[in-house]
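Enquirer: First, the structure itself, so that you have it in front of you.
The values are calculated or read from the model by the stated rules, or taken from the named source; none is laboratory data. What you see is a predicted model; the values in this text were computed from it and never measured. Cβ coordinates were reconstructed from backbone atoms using ideal geometry, including for glycine residues, and neighbour counts include every protein chain displayed.
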Amino acid sequence: MSARVPVAIIGASGYTGAELARLLALHPDVEIAQVMARRAAGQRLGDVFPHLAGAGGRLDLPIEAFDADAVAARSKVAFACLPHGEAAPIVAALVERGVTTLDLSADFRLHDAAAWASWYASADHPAHPAPGLLPRAVYGLPERHRAALRGASLVAVPGCYPTASILAIAPLLDARLVAADGLVIDAKSGASGAGRSPGQATHLPEAAEGVRAYKVAGAHRHTAEIEQELGLAAGAPLTVLFTPHLLPMSRGILSCVYAAPRDADAAAADPDRFRRALADAYAGEPFVDVLPPGRLPDTAHVRGSNRVQLTAVYDPRSRRVLAMSAIDNLVKGASGQAVQCMNLALGLRETTGLEQVALFP
C-alpha cells in the first residue's frame, strides 16, 4: 500500500490502548488518526500516559469521545479496547459503517451467543448485544486461523491466557499425541492483565511478595474460549481444568498445560516427540520459538515483544506431558496480536511493526 492507513484506537486510556499506540507509532504502513476514551475525553494521550508524550509529538494526540460517524469519516481501521458488553454495540456500529474492526474484548471470541451469555451476561447486558455479527467474527490467533484472517472485516482478538495455553497444547491435540480428556492448565500472569482500573487484589503493594490463585474451579471466563479452540483441535468438545494465578510483576504469562499421552509406550521410547511436534507445527512461524531440549520458556525473555516461547517435555514417572509457553500478555496476548491480525486483514506483511527484540533485563 502506498498511502498510510488511518487507524483509530478506542479505549485509548487503558493498558492495551497505550500498547497499541506504542506499537503503531513506528508502523510504516499506518498512522494513528484518532484516539478515543470516554473518561479521558478532552485530555491528551501524553497526559494520560506520559511515556507517550515524546515521540516527536506523533502520539500526543487529543483524546476524543467516541463517535462512530467520526471514526468512519477519518479511519479505515479501528481497535476497540473496551470491556465486554460495552464493546459489542460500538463494534457493531463500526462494522456497519465499513470500518475494519479489531475487538480486544471477549464479545466476539465465542461463536455462540448462548455461550457468551452463560459466561459474560450482566444486569446491563443479559444477552449478547450483537449476536448477528458472531458468524462474521474471525478468532484472531494467526497461528491457527491465518487464512480466515486475510481480508477479515471483524477480528476477535484472543485473550492472553487462551493465547498462551492454546499455542502450547493445540498442536499435540491436532497430532493426536495427547488425550483430550483430563487437560489441566496452570497459568500465571502479571498484574497488568487485570487492566488499569485500580483493584485491591491486583494493586502491586497488596499483591507483592505473594502468589495467589483466583477464579478457580471453572470460574475464569477464559475457560470457555480455551475449550472452544482446543475442542476444534481435538475434533470434539472437551473440558479443561484451568487455574490462573497472579504474580507480583507487571507483564508476562507462563502457561503450563498437563496432558496424558495417547501412547505411553511410544512416549517413553521417544520422550522428545512432543517437543518435535511443536517444532514441526510452528516451522516458519515468525513469532513462535520452540526451544531446544534443556531450555524452558521464561517471561523475562519475551517482555515487550510479540514472541512466544514454547516447549514440551515428557515425565516418564508420572506418564504426563507438560507443554509450556511464555508470552508478554500486553503484546502477543493483546495489542501485538491485534496488530498482527490487522496486517493480515489488510494484506500487509504480517510482521510489520512487530519485530522489536524483547526487553532484557
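Enquirer: Among the candidates 137, 147, single out the residue that is within 30 Å of residue 278 (Cα to Cα) and surrounded by fewer than 21 Cβ atoms within 10 Å (Cβ to Cβ). Before the answer, list the steps.
Expert: Values: 137 fails: surrounded by fewer than 21 Cβ atoms within 10 Å (Cβ to Cβ).
None of the others qualify; the one that does is 147.
Enquirer: Scan region 247-262 residue by residue and report those that are more than 17 Å from residue 180 (Cβ to Cβ), in a strand (DSSP E or B) and of a type in the set (Ser, Thr, Tyr).
Expert: In the first step, residues of region 247-262 are kept if they are more than 17 Å from residue 180 (Cβ to Cβ); the result is 247-256.
With the extra rule that they be in a strand (DSSP E or B), the set shrinks to 253-256.
Scanning region 247-262 gives a single hit, 255.
Enquirer: Quick test for you: out of 309, 337, pick the one residue that is in contact (Cβ under 8 Å) with a residue 24 or more places away in the chain and not in a loop (DSSP other than H, G, I, E, B).
Expert: Exactly one residue qualifies, and that residue is 337.
Enquirer: Return the residues of region 38-80 that are under 24 Å from the mean Cα position of the chain (by Cα), more than 16 Å from residue 102 (Cα to Cα) and among the aliphatic types (A, V, I, L, M); say none if nothing qualifies.
Expert: 45, 48, 52, 59
Enquirer: Something else: What number of residues within region 224-246 are part of a helix (DSSP H, G or I) and either closer than 15 Å to residue 178 by Cα or without any contact (Cβ under 8 Å) to a residue 40 or more places away in the chain (or both)? Spell out how you get there, then give the answer.
Expert: First pass over region 224-246, keeping only residues part of a helix (DSSP H, G or I): 224-234.
Okay, now just the ones that are also either closer than 15 Å to residue 178 by Cα or without any contact (Cβ under 8 Å) to a residue 40 or more places away in the chain (or both), so 227, 230-234.
Matching residues across region 224-246 total 6.
Enquirer: Since residue 180 meets every condition but one in (1) of a type in the set (Gly, Ala, Ser); (2) under 30 Å from residue 76 (Cα atoms); (3) at pLDDT 95 or above; (4) assigned by TED's automatic domain parsing to the domain that holds residue 302, which condition does it not meet?
Expert: For residue 180, the exception is condition (2).
Enquirer: In region 135-149, is there at least one residue being of a type outside the set (Gly, Ala, Ser) and over 24 Å from residue 234 (Cα atoms)? Steps first, please.
Expert: In the first step, residues of region 135-149 are kept if they are of a type outside the set (Gly, Ala, Ser); the result is 135-136, 138-139, 141-146, 149.
Narrowing the set further to residues that are over 24 Å from residue 234 (Cα atoms) leaves none.
Within region 135-149 (the criterion being of a type outside the set (Gly, Ala, Ser) and over 24 Å from residue 234 (Cα atoms)), the answer is no, since none of the residues qualifies.
Enquirer: For region 309-354, enumerate the residues that are among the β-branched types (Val, Ile, Thr), surrounded by 24 or more Cβ atoms within 10 Å (Cβ to Cβ) and closer than 22 Å to residue 255 by Cα. Steps first, please.
Expert: Of the residues in region 309-354, the ones among the β-branched types (Val, Ile, Thr) are 311, 313, 321, 327, 331, 339, 351-352.
Filter again for surrounded by 24 or more Cβ atoms within 10 Å (Cβ to Cβ), leaving 321, 327, 331, 339.
Those that are among the β-branched types (Val, Ile, Thr), surrounded by 24 or more Cβ atoms within 10 Å (Cβ to Cβ) and closer than 22 Å to residue 255 by Cα: 321, 327, 331.
Enquirer: Sticking with this one: Tell me which residues, restricted to region 331-357, are under 17 Å from the mean Cα position of the chain (by Cα) and within 17 Å of residue 298 (Cβ to Cβ).
Expert: 331, 332, 333
Enquirer: Looking at region 149-172 only, could you name the residues that are within 18 Å of residue 220 (Cα to Cα) and aliphatic (A, V, I, L, M)? Before the answer, list the steps.
Expert: Taking region 149-172 first, the residues within 18 Å of residue 220 (Cα to Cα) are 157-166.
Result: 157, 164, 166.
Enquirer: So, one more: Name the pairs whose Cβ atoms lie under 6 Å apart, with the first residue in region 263-274 and in a helix (DSSP H, G or I), the second of a type in the set (S, T, N, Q), and 6 or more positions between them or separate chains?
Expert: none
Enquirer: In addition: State yes or no: is residue 251 buried (at least 22 other Cβ atoms within 10 Å of the Cβ) and either charged (D, E, K, R) or more than 30 Å from residue 151 (Cβ to Cβ) (or both)?
Expert: On the way: buried (at least 22 other Cβ atoms within 10 Å of the Cβ): yes; either charged (D, E, K, R) or more than 30 Å from residue 151 (Cβ to Cβ) (or both): yes.
Here the answer is yes, as residue 251 does meet what is asked.
Enquirer: Restricting attention to region 245-262, which residues are closer than 20 Å to residue 158 by Cβ and at pLDDT 95 or above?
Expert: 252, 253, 254, 255, 256, 257
Enquirer: Among the residues of region 56-78, how many are hydrophobic (A, V, I, L, M, F, W, C) and surrounded by fewer than 20 Cβ atoms within 10 Å (Cβ to Cβ)? Write out each step before concluding.
Expert: Just the residues of region 56-78 that are hydrophobic (A, V, I, L, M, F, W, C), to begin with: 59, 61, 63, 65-66, 68, 70-73, 77-78.
So of that shortlist, the ones also surrounded by fewer than 20 Cβ atoms within 10 Å (Cβ to Cβ) come out as 61, 65, 68, 70, 72-73.
Total meeting the criteria: 6.
Enquirer: Further, regarding this structure: Out of 213, 207, 219, 234, report the one residue that is crowded, with 19+ Cβ neighbours inside 10 Å, at pLDDT below 90 and assigned by TED's automatic domain parsing to the domain that holds residue 316.
Expert: Details: 213 fails: crowded, with 19+ Cβ neighbours inside 10 Å; 219 fails: crowded, with 19+ Cβ neighbours inside 10 Å; 234 fails: at pLDDT below 90.
Among 213, 207, 219, 234, only 207 is crowded, with 19+ Cβ neighbours inside 10 Å, at pLDDT below 90 and assigned by TED's automatic domain parsing to the domain that holds residue 316.
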